[in-house]
Structures are given as structure tokens and as C-alpha cells.
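J.: Here's a structure for you.
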Amino acid sequence: MTTQPRRRNRFPLWVSLSLLGNVICLLSLSFLLLKGKPLPSVPQANASSETRNPPPSPQLGPRHQLTYDQWVELLGREAQVAADKRSRRLTILLGDSLSLWFPPQLLPTDRTWLNQGISGETSAGLFRRLDLFDRTKPETIFLLIGINDLIRGVDDQTILQNQERIIRYLKRTHPQTQIVVQSLLPHAAAGAKWEGRDRLQGTPNSRIRNLNRELAAITRAADVYYLDLHSLFTDPKGNLLPELTSDGLHLSLQGYWVWRSALQTFSQLELEQAKR
């Protein structure tokens, strides 16, 4: 079993570099759009373009209409393909709709990505389906889960206990994998336009910040990585920046560019350094 060094006190450095990267990424995106050029493609663990190219908004076409059980079955088949192919630098996005709708063309191209997100997923539901990708040998797993628990009224202690259970399972099943737990994102509070905004506003962003502090402590105790996305998405009031969201909960294209930049910067400053 490999031991992952604790480098979590460097956040001011990598966050600053990530913010700079965000500006560069957004300028690059604007240039590509003005020139009418397509965004770069990215290698995928499975060949189905219909299921691996969701747009960065809450419309997924036929896939959006799957039942939960059908969704789990589909992700299991995709994980099987990834396990059989033994793709280079396999990296798993694990979570809910925020991960699911990550535009594949924006994912860093030096890895092969397997998206295991399900819309509306909770921490308990995620824990129950972790065995879907047991046979894969991912280099890295990026985990983001918890906002749907809050929307459904799950208490903080249960959310954190489920996070711990997920981390323990991943460490036991994938001992050579770099496990990165990502912080919960804020929402837009009164500015949210999402259809469930009343329930969303019932969860203050101060509660999300407190949960993230507890989650960071859990990752330190478990000796896994913690990626603070929250600070990159908040305005001075602690709410989700309006330009980074499509409806106050889900992310806009610009929001995914920010996330992409964070993944790249964190990988370079933390994950790659740990291998040396």
C-alpha cells in the first residue's frame, strides 16, 4: 500500500495559480468560440458518444429519463469496459449531477476519464454502488457528493459518516489509487432559479462551509487528498458566483472551466509531486 504525503497546507499557492489558470482558460474559450473552432476532444473509457457527451446543463436527452436502477446498470457496463481496456491513467469522476454533466471535451486530456456520476445521487446511494468499478484500476478518483443529501434534509452527522464509509471502501478496494475528496460547492441562495430553490435556500451556505471544514478534517485523518473547490466558486457573500452557474445549483460552461483548471493545477502541484 502506498502512503500519500500530506501536502494540504499549500492551498493558498495552488488556489492562486488555479485562479490565474481560470482566467487563461476563459480567454482561450472565448478565442475558440470567436474563431468558430470546436473544443478539444478527450480520450474516453467507453466509446458511446450518446452517453459520454452530456451538455453542461440539466438536459441529458434519453439518458436523463433513465430510472435510477437503469442508470446504475449503465454505469456498471461502462466500468466493465474500462476494466477490460485497462486504459492509460484511468481517472474516475464520482458523484452526482455536477460530475455527470462535466463536459468531456473540457476534461484534462492527459488522462482517460470514466464518469460515474448520477443525477440526484446521495452519499448513501453512492456508497451502495461503489462496487460497480471494483475491477478497474484507476490512477485517481475524484469524489464530490453531498449537496443532494442537504436538499433532502439529511443531517450533517449522517452525511459525514457516509463520506467516511465511502473513503474507507475506496482505500481498501483501490489501495494504489490517489483518492481526492472535493469540497461541496455553494449555491446561489436567493439568486437560484433551480426548480427546487425553496429546498435549496433552506440550506444556508454557512452550513456547507461548516461541512467542508469537517470534511477536510476527515480527509486528513484518512490520509487522502482534499481539493478545496468551494473557495473558487464563491462571491464575497459566500454564495455561488452567478457567472459560474446555470440555475444557482448546477454549473455553467464557465463553471466547468474553473473546475477543469482546479483539477489540472491540483494534479500538477499535489498528485504528480507525490509520485516523485
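The values are calculated or read from the model by the stated rules, or taken from the named source; none is laboratory data. Fair warning: this is a prediction, and the values are worked out from it, not measured in the lab. Don't worry about glycine lacking a Cβ; one is built from the backbone with ideal geometry, like all the others, and counts go over all protein chains shown. SASA here: full protein model, heavy atoms, side chains in, ligands and nucleic acids out. Shrake-Rupley method; radii C 1.70, N 1.55, O 1.52, S 1.80 Å.
J.: Given the conditions (1) open to solvent by 20 Å² or more (accessible area, probe 1.4 Å); (2) in contact with a Phe, Trp or Tyr (Cβ under 9 Å, 6 or more places away or on another chain); (3) of a type outside the set (K, R); (4) more than 30 Å from H187 (Cα to Cα), report the number of the one that D84 does not fulfil.
T.: (2)
J.: Then there is this: Is there a residue in the range 78-86 that is at pLDDT below 95 and either part of a loop (DSSP other than H, G, I, E, B) or more than 12 Å from the chain's Cα centre (by Cα) (or both)?
T.: For the range 78-86, residues at pLDDT below 95 and either part of a loop (DSSP other than H, G, I, E, B) or more than 12 Å from the chain's Cα centre (by Cα) (or both): present.
J.: Do we have any residue at all in the range 171-184 that's charged (D, E, K, R), under 21 Å from F127 (Cβ atoms) and within 19 Å of the chain's Cα centre (by Cα)?
T.: So far as the range 171-184 goes, yes, one or more of its residues are charged (D, E, K, R), under 21 Å from F127 (Cβ atoms) and within 19 Å of the chain's Cα centre (by Cα).
J.: Still on this structure, please answer the following. What single numbered condition from (1) under 20 Å from Y226 (Cβ atoms); (2) out of contact with any Asp or Glu (no Cβ under 9 Å at 6 or more places or on another chain) fails to hold for S183?
T.: Here S183 meets the rest and fails (2).
J.: Six or more apart or on different chains, Cβ under 6 Å: which pairs go from a residue in the range 170-193 that's of a type in the set (V, I, T) to one that's in a strand (DSSP E or B)? Could you list them?
T.: T177/I141; I179/I141; V180/F142; V180/Y225; V180/L227; V181/L143; V181/Y226
J.: Report, ordered by the first and then the second residue, all pairs with beta carbons closer than 9 Å, sequence separation of six or more or different chains, a first member in the range 87-113 that is within 16 Å of G76 (Cα to Cα) and part of a helix (DSSP H, G or I), and a second member that is among the polar types (S, T, N, Q) and modelled with pLDDT of 95 or more.
T.: L100/N115; L100/Q116
J.: Being open to solvent by 10 Å² or more (accessible area, probe 1.4 Å) and either among the polar types (S, T, N, Q) or within 16 Å of R77 (Cβ to Cβ) (or both) is the filter here; which residues of the range 116-128 pass it?
T.: S119, T122
J.: Any residue in the range 223-230 that is under 12 Å from V180 (Cβ atoms), more than 13 Å from the chain's Cα centre (by Cα) and either open to solvent by less than 20 Å² (accessible area, probe 1.4 Å) or among the aromatic types (F, W, Y) (or both)?
T.: Within the range 223-230, one or more residues are under 12 Å from V180 (Cβ atoms), more than 13 Å from the chain's Cα centre (by Cα) and either open to solvent by less than 20 Å² (accessible area, probe 1.4 Å) or among the aromatic types (F, W, Y) (or both).
J.: I need the full set of residues from the range 170-216 which are open to solvent by less than 40 Å² (accessible area, probe 1.4 Å) and assigned to a helix (DSSP H, G or I), in order please.
T.: Those that are open to solvent by less than 40 Å² (accessible area, probe 1.4 Å) and assigned to a helix (DSSP H, G or I): L170, A189, L200, N205, I208, L211, N212, L215, A216.
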